[in-house]
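The numbers here are math on the coordinates, done by the rules we state, and not lab data. No experiment lies behind these values; they were computed from the predicted model shown. Ideal geometry is used to build each Cβ from the backbone, glycine not excepted, and the neighbour counts take in all protein chains shown.
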Amino acid sequence: MELSIAQSIADNVLKSISPFCHRSEIAGSIRRKKSEVKDIEIVARINDWEGLFASLQSHGIFIKSGVPDVQPWPPKKGAKYLRMMLHGEIKLDLFIANEHNWGALFMMRTGGATGPTGNPFEGFTPMMFARWKRVSGGGRMMNCLPTLPDGTTVSVPEEEDFFKLCGVDWAEPEERVSSSAIRKQRGYKLQIENFSVVDKSAAPQLVLF
């Protein structure tokens, strides 16, 4: 689908769901301004599930994720991922974030997941996560939260927080066509005391991305 058409559809969906979200933003290839869009991706923090579901019903049908065909599937409160087939004949992927993982999830769903040739080792997002592993001395992404080798998780409420955590200069979404957009800060060493750690006792249980 052409970018302008997909953008218009995404804007309409975003307008519908915004009253029921703490925050909602368009991600994916639309945010990266690709000329052709395969699906619409939105990241949101929900404050009213019933209102969200009702607002989306006019845009299409909820479908089962992880299967190639279109199977109607009822949405559930507390889900971390919702998929729809919109009336514009394009799929909507709605990813649910929280106040701690918004920055990493928004970056992840903005992409790109692969480089221009389809190689994931040239993708912006995979290599940003690899960068985190390197600067943290073996950390990983768990529940879309940067996690240190000892299990400590770091709050990244904004995309900029994740870039700073990894020692990488900011890259505009449309630049993120490959790992070449990752501009590492020379001599960077992680100082974890400069970032907020998630209180595990208060942290919500999330799905693993």
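Some points to look at:
- Longest stretch of the chain clear of exposed loop sites (GluC sites (Glu not before Pro), DSSP loop, at most 15 other Cβ atoms within 10 Å, sites excluded): 1-88.
- Pairs beyond 31 Å (Cα-Cα), from K64/K184; K34/K189; K38/K76; K33/K184: K64/K184; K34/K189
- Simple spin-label estimate for M142 and E160 gives 2.9 nm between the two label positions (7 Å along the Cα-to-Cβ direction from each Cα).
- Applying the criteria of a DSSP loop state and at most 15 other Cβ atoms within 10 Å to the trypsin sites (Lys or Arg not before Pro) of segment 57-111 yields K64, K76, K77.
- By the helix-only formula, in which each DSSP H run with n ≥ 4 contributes -39500 (n - 2.57) and the sum is divided by residues, the chain has a 222 nm mean residue ellipticity of -8000 deg cm²/dmol.
- Distant-in-sequence amide contacts of M142, defined by a placed amide H-H separation under 5 Å and a gap of 5 or more residues or a different chain, comprise T147.
- Magnitude of the charge dipole, the chain, Cβ model with Lys/Arg +1 and Asp/Glu -1, debye to 20: 520
- Close amide H pairs (under 5 Å, H built 1.01 Å from N) link H22 with R45, I46, N47, residues at least 5 positions away or on another chain.
- Cα-projected label distance for V197 with H22, points at 7 Å along beta-carbon direction, nm: 2.2
- Relative packing of peptides 177-190, 143-156 - highest average C-beta neighbours within 10 Å first: 143-156, 177-190
- Where both bridge residues fall in segment 3-96, DSSP classifies roughly 70% of the beta bridges as antiparallel.
- Summing +1 for each Lys or Arg and -1 for each Asp or Glu among the other residues whose beta-carbon sits under 13 angstrom from that of I42 gives +2.
- For I63, the amide hydrogen comes within under 5 Å of the amide hydrogens of W73, R83, M84, M85, counting only partners 5 or more places away or on other chains and with H modelled in the peptide plane.
- The relative contact order of the chain comes to 17 percent, based on Cα pairs under 8 Å that sit 6 or more residues apart.
- Cβ charges +1 (Lys, Arg) and -1 (Asp, Glu), total dipole of segment 103-194, debye: 400
- Dipole of the chain [Lys/Arg +1, Asp/Glu -1 at C-beta], most positive-end residue of V197, N143, A130: A130
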